[in-house]
Amino acid sequence: MNDEREIQEYRIKSEPYYAELDNEIELFEASYSNRIPVLLKGPTGCGKTRFMEYMAWRLGRPLITVSCHDDLTAADLVGRFLIVGGETRWSDGPLARAVRTGGICYLDEIVEARKDTTVVIHPLADDRRVLPIDKTGELLTAPPEFCLAVSYNPGYQSVLKDLKQSTRQRFVSIEFDYPDAEIEAGIVVKESGLEKDMAKQLVKFAMMTRNLKGSGLEEGASTRLLVHAAKLIVSGVSPSAACRGAVCETLTDDPDMLKALSELSASLF
C-alpha cells in the first residue's frame, strides 16, 4: 500500500484551536528542527494532546497518537506478523508506521506502558534515530521529518511509575500547567460557546477544586472538564447540575468530598 495514501488519515486537516501559554511552540519547533524528541509534562486535561495536534498541523506532519496502558507491549508499538488470507504478513505498529512515513509519534502517558515499551524507544530517542525490528531483521532509520513525543503527569504517577533518568535525559522537556484564569476562560468560551462571565465562574470553581489536590482529591478540575460542563450549560443544563455531573462526580466518589464540592459550586452558582 502506498505509505503516503495510508498516512492521510493521520493528518490534521484544519487548524486546532490552541492558546499559547509560554514559549512551548518555539521550544517544540526548535527541538523538531534539531531532531530532538520532546517530553510533555503536566496534569491531566491541561492541553498536552491539543498542543500536539496543533504542532502537527503547524508542521504539516501526520500525527499518530498512542494512548499508553498497562497492557501495551513493544510488539503493539513496533508491529507483528499476522495471518491474512492464509498468508503470513508483517504489519507495522504505530511507531514503525510513523518512522517509515516521517510522521510524529505521540505516546500519551508513556509511564503507563510496560517497561519493555520504554526500552524500544531508546534508539529512536538519541543520536542513532533508529528502530530495530527484531522479528524481521530490519533496522529502520528515521527520516528528518520524524518526531518522537511522549507525555506524562508527574504529579499523578507513583515512584514505581516514574520515568527513569535513562529515558528522560534523551528528551527536551516542556512543562504544561493550567492556563491563567483569563486565558482559561477564553478557552472555555472558544470550545463551548458559553458566555464569558459564566466561563469565568467555571474557572473560579476549577481553581477551588485544584486547591484541594492532596487534601481529598487526587486531581483538581481540568480545563477539559470545564469545557464539558460549559457544553452542558449551553445545552440548557443548570450550572450547578452541569458542575456536579461534569466535574464533581468525575473527580471523586467520596460522599464527604462530593458534599464539599457541591457546596463550593453552590457558592458560585
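Any read-out appearing in this document is the output of simple, stated calculations on the displayed coordinates, not a laboratory observation. Worth saying up front: this structure is predicted, and the values here are computed from it rather than measured. Every residue, glycine among them, receives a Cβ derived from its backbone with ideal geometry; neighbour counts consider all protein chains shown.
Ser262 sits among other residues whose Cβ lies under 15 Å from its own Cβ, and their net charge, with Lys and Arg +1 and Asp and Glu -1, is -3. Rank these for me by crowding, Tyr18, Tyr152, going from fewest to most other beta carbons within 10 Å. Ascending number of Cβ neighbours within 10 Å: Tyr18, Tyr152. Values of log10 I(q)/I(0) for segment 3-175 across q = 0.14, 0.18 Å⁻¹ run -0.73, -1.21, by the Debye formula with one identical scatterer at each alpha carbon and no solvent.
Largest first, the extents of the alpha carbon coordinates of segment 88-152 on the three principal axes equal 34, 27, 18 Å. Its alpha carbons give segment 181-268 an Rg and a Dmax of 11.8, 34 Å.
Taking the fewest neighbouring Cβ atoms within 10 Å as the starting point, the ordered list for Thr49, Thr117 is Thr49, Thr117. When you filter the trypsin sites (Lys or Arg not before Pro) in segment 98-192 for DSSP loop state and at most 12 other Cβ atoms inside 10 Å of their Cβ, you are left with Lys135, Lys164. Helix 196-210 and the longest principal axis of the Cα set of the chain meet at an angle near 80°. Between Asp22 and Val237, the contour length at 0.36 nm per residue exceeds the Cα-Cα span by 74.0 nm. Stretching Thr250 away from Ser262 to a fully extended chain increases their span by 3.1 nm, per 0.36 nm per residue minus the current alpha-carbon distance. Between the alpha-carbon centres of segment 1-60 and segment 199-264 there is a gap of 28 Å.
Counting beta carbons within 10 Å around each of Glu87, Glu195, Glu145 and listing the fewest first gives the order Glu87, Glu195, Glu145. Among the GluC sites (Glu not before Pro) found in segment 216-269, those both in a DSSP coil and sparsely packed, with 16 or fewer other Cβ atoms within 10 Å of their Cβ, are Glu218. Residues of segment 178-197 falling in the label zone of Met207, defined by backbone nitrogen less than 17 Å from a point 7 Å along Cα to beta-carbon, are 178-189, 196-197. Provide the net charge surrounding Ala30, with neighbours chosen by a C-beta distance below 15 Å and charges set as Lys +1, Arg +1, Asp -1, Glu -1. Net charge around Ala30: -3.
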